[in-house]
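Input: a single structure, listed below in structure tokens.
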Amino acid sequence: MKRLTVLCLLCAAALACSPAAEPLVGITCSRSRSGSTVLPTTYSDAVSKAGGVPLVIPTVSSMEQAAAVVAAVDGIVFSGGEDVNPAWYGEEVLNETVEIDFVRDRSDSLLARAALAAGKPVLAICRGSQLMNVIMGGSLWQDLPSQLGVSHSDVVHNISVEPGSFLARIYGSDSLKVNSMHHQAVKDVAPGITVVARSADGVVEAWETPQVWAVQFHPEKMLASGDESWLPLFEAFTAVCK
């Protein structure tokens, strides 16, 4: 706890001393089977390209650690990865497609609650969108193919965007082309959440609150593949973090 707190305070102090400090943006991680911290560089590259300073967040094990991390950063990106434990929204595991990392679930839940309590800006991507919805009181489709008969795996498709939403403000369009690499999605929307984009089959593709922007797709992957049109999303989030 003491070591993590010192690290966070040193990061915050270093940025505060900079004459033109860029926002420090924390990014949550997955873990390898051996327990190593794992994060695709697409996330940190997107934050850096947008003018932020990425900070990879290893798993935390207490609210004190989570609060220390959140206090040190200006915003948090909740990244993609494993499935959220269905027990958190009152369900049993549906089938063998549901993959759970209990350590990451605990860590992400602590960080999410700390971020919400502190009022820090959040960009939630894929698993991140699902996690934040569950933490705020919603539920998930555990497996889209078996429950809804739809597939969102390795497909590119259009989504309809609600006027006035964060996506509409950034892109000035009521339709966007996005990627899909997920088998779960938001089912029951948590209180206070506004759904702002859906695919043609009705799956929730984006939602927002005054504090959280959430997308089911992977804009960081599209940016890494050369689609510069997704940089403005990260630039807008970085600007909010300032």
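Could we say that T5 is buried (at least 16 other Cβ atoms within 10 Å of the Cβ), part of a helix (DSSP H, G or I) and modelled with pLDDT of 95 or more here? Spelling it out, it is not the case that T5 is buried (at least 16 other Cβ atoms within 10 Å of the Cβ), part of a helix (DSSP H, G or I) and modelled with pLDDT of 95 or more.
If you take the residues in region 191-221 that are over 14 Å from the mean Cα position of the chain (by Cα) and within 17 Å of F78 (Cα to Cα), which one is surrounded by the fewest Cβ atoms within 10 Å (Cβ to Cβ)? Here the answer is P210. Screening the candidates V178, V212, V186 for the property of being within 25 Å of V93 (Cβ to Cβ) and among the aliphatic types (A, V, I, L, M) yields one hit, V186. For region 118-129, the criterion of being within 12 Å of W213 (Cα to Cα) and either free of Cβ contacts under 8 Å to residues at least 40 places away in the same chain or assigned to a helix (DSSP H, G or I) (or both) is met by at least one residue. The set of residues from region 96-148 being surrounded by fewer than 22 Cβ atoms within 10 Å (Cβ to Cβ), closer than 22 Å to A72 by Cα and in contact with a Leu (Cβ under 7 Å, 6 or more places away or on another chain) is empty. Can you find a residue in region 28-48 that is under 19 Å from A239 (Cα atoms), more than 16 Å from the chain's Cα centre (by Cα), surrounded by fewer than 20 Cβ atoms within 10 Å (Cβ to Cβ) and free of Cβ contacts under 8 Å to residues at least 12 places away in the same chain? Checked against the condition, which is being under 19 Å from A239 (Cα atoms), more than 16 Å from the chain's Cα centre (by Cα), surrounded by fewer than 20 Cβ atoms within 10 Å (Cβ to Cβ) and free of Cβ contacts under 8 Å to residues at least 12 places away in the same chain, region 28-48 yields at least one hit.
Take the conditions (1) in contact with a Gly (Cβ under 8 Å, 6 or more places away or on another chain); (2) more than 16 Å from N85 (Cα to Cα); S146 misses just one of them, which is (1). When S107 is tested against (1) at pLDDT 95 or above; (2) more than 15 Å from the chain's Cα centre (by Cα), only condition (2) is not met. Close Cβ contacts (under 7 Å, 6 or more residues apart or on different chains) running from residues in region 144-162 that are farther than 17 Å from A214 by Cβ and at pLDDT below 95 to residues that are in a helix (DSSP H, G or I) and of a type outside the set (A, V, I, L, M, F, W, C) comprise S151/P145.
Taking the conditions exactly as written (touching a Pro at 6+ places or on another chain (Cβ under 9 Å), more than 15 Å from H182 (Cβ to Cβ) and outside any strand (DSSP E or B)), does G138 satisfy them or not? For G138, the condition - touching a Pro at 6+ places or on another chain (Cβ under 9 Å), more than 15 Å from H182 (Cβ to Cβ) and outside any strand (DSSP E or B) - is met.
The values are calculated or read from the model by the stated rules, or taken from the named source; none is laboratory data. Just so we're clear, the structure is a prediction, and the values are computed from it rather than from any experiment. We place every Cβ from the backbone using ideal geometry, glycine too, and count neighbours over all the protein chains shown.
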